[in-house]
Amino acid sequence: MSKKLAGLTKFNTRELFGPLLTVLILSIGVGAISASLQLAVQFALCNLVMVIALQVFVGNSGVLSFGHGAFAMVGAWISGMSTASERVKGNALALQELWQPLVGFNLNLYLSILAGMVLGALIAAITGAFLMRLNGLAAGIATFALLGLFYNFFFNNITFGPGSQALPAVPKFSGVYEPLVLSLIAIVVVYLFNISATARNLRASREDLLAAPALGVSIQRVRWIAFTISGALAGLSGAMYVHVAGTWQVQDYYLVFTFLTLAMLVIGGSASLWGAVVGTLVVTAVGQILLLWEQGKSIVGIKLDLPNGARSLIIAGSLVAMLLWRFAGVTNGKEFSIPFLGKRKSG
Amino acid sequence: MQAILDAISLGGTYALAALGLGLVFGVMRLVNFAHAELITISAYVMVVTNDLPLLISFLLASLVAALLAILTELAIYRRLRGTGPAIMLIASFGLSVGLQKSYELIFGALPRSAAVAPWMTGSFEFAGLNFTISSLVTVAITIAILLAMGYLVERTTLGLQLRAAATDFKTARLLGVRSNRLIGSAFAISGILASAVGFILVVENPQVDPMFGLNITILALVGIVIGGISSLRGAALGGFIVGFILSILNTFLGNARVYAYSYLFLAVVIILLVRPGGILSKRNEMERV
């Protein structure tokens, strides 16, 4: 194939600040419009962190992972469990069988988020040590099995969590700024990783599984590093989500979440950080507009009365349509650039 | 004894679902999530046409499922050929959700139910052991279909082309296999297999909702990968193993049966680590793109 290799190789201010400013301006701007949009922005930021977490691993390595929902699940679990008040944990009906040390286990908001990241990274590091030798579909199914295992465990276990019910009264973020700052930090981290030699080696292994090791790349090692970092970020995403939703429920981190975030990545273009940002933005925007139409409101003068349930149908339809239109994603796997400004790349 | 029979019958059902998925995967490397909706639509058709004789109702269901399968191929998958498995997988997931929502708009979100083939729910005694009729019928149907598929794949021109395409699609085309027709047939057959699965499932559980076929499809997907995606035999075997293990776990775990999936998924991870290409694969085989 003669396609140009996508992916950045050296630090470029524009490629970093493009996504940063886009997220910053949109979050503050849209969040200022109304209270419900502000909440929507907070949820979108959680998804954004998950999508860039997926980009770090899936985008760079070309290996599909359905297992990241599990890392978000445990990240959210520890963050929610350690911040819900002792009174709630001791009295809630769903938590009667809760293991005693967990009832007294308390952290402040930021430490709990850090704990979510550490646990996400830890689980990813342990499982990754085994799973990273797998390629293609086997990797996809094995990571899916990981997700299924964690889901099945938490859904039925009432010693470590609320089982199929919800952990109530998790403290919420006070506004859009806390998740925003966390997302921006995540973007910087991912950008710095993506221009590192490790990420470049990983992308080499994505392009050719036989040539990369011949050039001295240990595929398992570079994949494992990326998997662990993206596990930490997925844990962060889950920890953010639990403080936006104010409750922890295992279902929130299962199939819908996994596929929605993967779809965002693929729609935006999985080969670049900018693609992850654009994909999250596009899918979220389409979803919000349709939601408003479903509620019978008008947007820029256009008012459609959508029947209930049509929204998900249209989102699914536009996902497929976007793939048919441009299968490498809206950004075609390119990083952020401003056309006609400054030096244009040749070729 | 009933436990073994149940396990075989569940394994057989999963094998049929895995076979439908494996067939399509073989010819175009597509993991077709929307297979679930083929199963669901055939179950819906059988519930809606329950007043008609069973055979006609089933034939209608097969026809609808096969047509829907071909339609998805023409409208979507054909244009995504050659974009890579990840993109097609995501597209098939989008399609799957889209179809689920369409069913919700057409049939409602609440389950539709009707007693399809009520005579199958009874049981009888033989040699001091109790058997349910449905598990026996399921095993019989599965064996019949597996034999028919075996004949189709091993003895007919279409089967030869399917096997050739699964081994090397490009070379098969160069040798004169008409790819569009072949892929279309694979989709049609997978639709018919889905309707057989739909029939078996709707007899066991007559409550059909938009997510009816999802569970078995996900597990059958797991099955085809652990069985060995490169061959139809591997796919069917993998599906069977998943269904069999699940049924046995459900019987013998007692109160811990809620964790049956955890054990199953753990087993899947271990099998894949030992044999990444599936149980029936040759060692050190690596898929080259």
Checklist entry - Could you list, in sequence order, the residues of region A:128-139 that are modelled with pLDDT under 85 and either open to solvent by 20 Å² or more (accessible area, probe 1.4 Å) or more than 7 Å from chain B (Cβ to nearest Cβ) (or both)? => result A:Asn135, A:Gly136, A:Leu137
Next on the checklist: Let me confirm something: among B:Gly176, B:Gly82, which residue is more than 14 Å from chain A (Cβ to nearest Cβ), in a loop (DSSP other than H, G, I, E, B) and on the phi > 0 side of the Ramachandran plot?
Outcome noted: B:Gly176
Checklist entry - In this structure, is A:Ala169 part of a loop (DSSP other than H, G, I, E, B) and not acidic (Asp, Glu)? => result yes
Next on the checklist: Going by what's in this entry, would B:Asn32 be described as closer than 21 Å to B:Val137 by Cα and assigned to a loop (DSSP other than H, G, I, E, B)?
Outcome noted: no
Item to check | Scan of region B:173-206 for residues that are at pLDDT below 90, polar (S, T, N, Q) and under 23 Å from B:Ser102 (Cα atoms), ordered by number | outcome: B:Asn205
Checklist entry - Looking at B:Ile241, is it within 14 Å of chain A (Cβ to nearest Cβ), touching a residue at least 60 places away in the same chain (Cβ under 8 Å), of a type in the set (A, V, I, L, M, F, W, C) and not in a helix (DSSP H, G or I)? => result no
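Please pick out the residue among B:Leu68, B:Leu105, B:Leu95, B:Leu99 that is open to solvent by 70 Å² or more (accessible area, probe 1.4 Å) and either over 26 Å from A:Ala138 (Cβ atoms) or not in a loop (DSSP other than H, G, I, E, B) (or both). Walk me through it before giving the result.
Values: B:Leu68 fails: open to solvent by 70 Å² or more (accessible area, probe 1.4 Å); B:Leu95 fails: open to solvent by 70 Å² or more (accessible area, probe 1.4 Å); B:Leu99 fails: open to solvent by 70 Å² or more (accessible area, probe 1.4 Å).
That would be B:Leu105, the only listed residue that is open to solvent by 70 Å² or more (accessible area, probe 1.4 Å) and either over 26 Å from A:Ala138 (Cβ atoms) or not in a loop (DSSP other than H, G, I, E, B) (or both).
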Next on the checklist: I need a count of the residues in region B:180-192 that are in contact (Cβ under 8 Å) with a residue 24 or more places away in the chain and open to solvent by 10 Å² or more (accessible area, probe 1.4 Å).
Outcome noted: 6
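From B:Ile224, B:Ile271, B:Ile229, which residue is within 12 Å of another protein chain (Cβ to nearest Cβ) and either in a loop (DSSP other than H, G, I, E, B) or charged (D, E, K, R) (or both)?
On the way: B:Ile224 fails: either in a loop (DSSP other than H, G, I, E, B) or charged (D, E, K, R) (or both); B:Ile271 fails: either in a loop (DSSP other than H, G, I, E, B) or charged (D, E, K, R) (or both).
When all the criteria are applied, what remains is B:Ile229.
Condition test on A:Val51, is it within 14 Å of another protein chain (Cβ to nearest Cβ), at pLDDT 95 or above, surrounded by 24 or more Cβ atoms within 10 Å (Cβ to Cβ) and under 24 Å from A:Val266 (Cα atoms)?
Values: within 14 Å of another protein chain (Cβ to nearest Cβ): yes; at pLDDT 95 or above: yes; surrounded by 24 or more Cβ atoms within 10 Å (Cβ to Cβ): yes; under 24 Å from A:Val266 (Cα atoms): yes.
So A:Val51 passes the test.
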Checklist entry - Looking at B:Phe252, is it open to solvent by 40 Å² or more (accessible area, probe 1.4 Å) and either within 18 Å of B:Thr138 (Cα to Cα) or among the polar types (S, T, N, Q) (or both)? => result no
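The values are calculated or read from the model by the stated rules, or taken from the named source; none is laboratory data. Nothing here was measured: the structure is a model prediction, and the numbers come from that model. Glycine gets a Cβ as well: all are built from the backbone with ideal geometry, and neighbour counts include every protein chain shown. Calculation scope for accessible area: heavy atoms of the full protein, side chains included, ligands and nucleic acids excluded. Shrake-Rupley method; radii C 1.70, N 1.55, O 1.52, S 1.80 Å.
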